[in-house]
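**Q** Pasting in a structure now, in structure tokens, and then I'll have a few things to ask.
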Amino acid sequence: MVMFEEILKSEDVKDWQKELMKYEFAVQEVSTKINILNTEFKNLHDYNPIEHVKTRIKKPKSIIQKLINKDIEPNAKNASIYLKDIAGIRIICSFDKDIYRVFELLTGQSDIKVLEVKDYIKAPKENGYRSLHAIISIPIFLSTGVVEVPVEIQIRTIAMDFWASLEHKIYYKYRNKTFLNISDELKECAEMIALLDKKMFDIKEEIEKIEKS
């Protein structure tokens, strides 16, 4: 069994620091873009589609484990080549339509490239999980030159995030075991949450119609 400490000692720690630094910069850049969009909506439209934003950079231990699982030599260079989810941003929106609106506005900016999209809202996972996932890249201007850095984006509603968070907590401790009855119940809960999302949006639409009349 490979020990993470041995891998980190055998490789210059500065390599990991240098590699992860660019992902931190990428998260800062994308977060700034998201904050600008949200602030603009608040000021011009009196409505903010974004409830809150969460960011994360994978720890070296987690990166190393993922590379080992892929049978790839666990070093900082390979992490940059083979992994696209080292930097992550989760955007929590109010309603389903806000998800696609925020995604279009963000990825419509000229310096952002969309590398991959997985729509688990239109096609939920088997367990009921719903969210819009995308891998984007953004240029980071370093003293040594411009570097394109991938960032994983997840966009979901408050209700979707609530379900995903609890599902993770329930299964984390028992991730190597199977509980079919619990899986069925969680999927049923996901369907209820999807219905709740739709119902809340319908209420919002009805209120807006009344205000306009």
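**Q** Between F201 and N35, what length in nm is gained on full extension when 0.36 nm per residue of separation is reduced by their alpha carbon distance?
**A** Gain on extension, F201 to N35, equals 57.4 nm.
**Q** Moving on to the next point. Using a 10 angstrom cutoff on alpha carbons, build the Gaussian network for the chain and name the most mobile of T144, T39, T157.
**A** T144
**Q** Cut-off is 10 Å between beta-carbons; in what order do E104, E205, E167 appear when sorted fewest neighbours first?
**A** E104, E205, E167
**Q** Membrane-span-like helices in the chain: DSSP H runs reaching 15 Å or more (Cα, own axis), mean Kyte hydropathy at least -1.0?
**A** 13-45, 96-107, 158-172, 180-212
**Q** Return the long-range amide H neighbours of K59 (sequence gap of 5 or more, or a different chain), with a cut-off of under 5 Å between placed amide H atoms.
**A** Long-range HN contacts for K59: none found.
**Q** Going by how many other Cβ atoms sit within 10 Å of their own, how do M160, M21 line up, fewest first?
**A** M21, M160
**Q** Long-range amide H contacts for L115: which residues qualify at under 5 Å (H placed 1.01 Å from N, peptide plane, sequence gap of 5 or more or a different chain)?
**A** When sequence neighbours closer than 5 places are left aside, the close amide H contacts are I135, I136, S137.
**Q** Tell me, Y82, Y100 in order of fewest to most beta-carbon neighbours within 10 Å?
**A** Least to most surrounded, the residues fall as Y82, Y100.
**Q** Under 10 Å, Cα contacts only: if you run a Gaussian network model on the chain, which one of F25, F162, F95 comes out with the highest mean-square fluctuation?
**A** F162
**Q** When Cα extents along the principal axes in Å is calculated directly from the model, which label among (i) 58, 33, 32; (ii) 62, 41, 35; (iii) 69, 49, 21 fits?
**A** (iii)
**Q** Let me ask something additional. Pairs K22/K42; K22/K70; K97/K125; K113/K199; K59/K198: which are spaced more than 26 Å apart, C-alpha to C-alpha?
**A** Where the Cα-Cα span goes over 26 Å, the pairs concerned are K22/K42; K113/K199; K59/K198.
**Q** If you don't mind, there's one more thing I want to ask. Which of I91, I140, I99 moves the most in a Gaussian network model of the chain with Cα springs under 10 Å?
**A** I140
Read the figures in this text as sums done on the coordinates, not as results from a lab. Everything numeric here is computed off the predicted structure, so don't read it as measured data. A quick note on method: Cβ atoms are made from the backbone with ideal geometry, for glycine too, and the neighbour counts reach across all protein chains shown.
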